[in-house]
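Working notes, structure below.
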C-alpha cells in the first residue's frame, strides 16, 4: 500500500486502493492522475472516493474508485462533476459558537 502525505499538517494520509487504477500515481488514458483516498466512502456501491488531478489543466476533484480508469476532467474534458473525497472539518473551529 502506498501512502502519500497531504502536506496540510492535519496528519491525514492518502492511501492507495487495491485495484491498479486506484494506486497512487496511476494515470489513465485521459491524463487523470490518482492521488489516493482518505478512506471516505464514494457515491457508488462499495466504493471509496479518490482524489484525482487533471494533468492537462491542473483541476483537482473526487471520483469513485470504479470510475478512475475511464474518468475525464470535469473542467476541461466535459467529464461529470466530481464528488467529495475529503472529510468535512469537524473540529471545534469549524462550528460557530454563540452565547445562546
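Tabulated data for the structure shown
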item	result
Members of the stretch 73-88 that are in contact (Cβ under 8 Å) with a residue 24 or more places away in the chain and within 14 Å of the chain's Cα centre (by Cα)	73, 82, 83, 84, 85, 86, 87
Residue count, the stretch 47-64 (criterion: in contact with a helix residue (DSSP H, G or I) (Cβ under 9 Å, 6 or more places away or on another chain) and assigned to a loop (DSSP other than H, G, I, E, B))	1
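A quick yes/no check of all residues on (1) within 17 Å of residue 18 (Cβ to Cβ); (2) at pLDDT below 95; (3) surrounded by 20 or more Cβ atoms within 10 Å (Cβ to Cβ):
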site	(1), (2), (3)
34	yes, no, yes
39	yes, yes, no
57	no, no, no
69	yes, no, no
77	no, no, no
81	no, no, no
90	no, yes, no
93	no, yes, no
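The values are calculated or read from the model by the stated rules, or taken from the named source; none is laboratory data. Quantities reported herein were computed from a predicted structural model and do not represent experimental measurements. Neighbour counts are summed over all protein chains in view; Cβ atoms, including those assigned to glycine, are modelled from backbone coordinates with ideal geometry.
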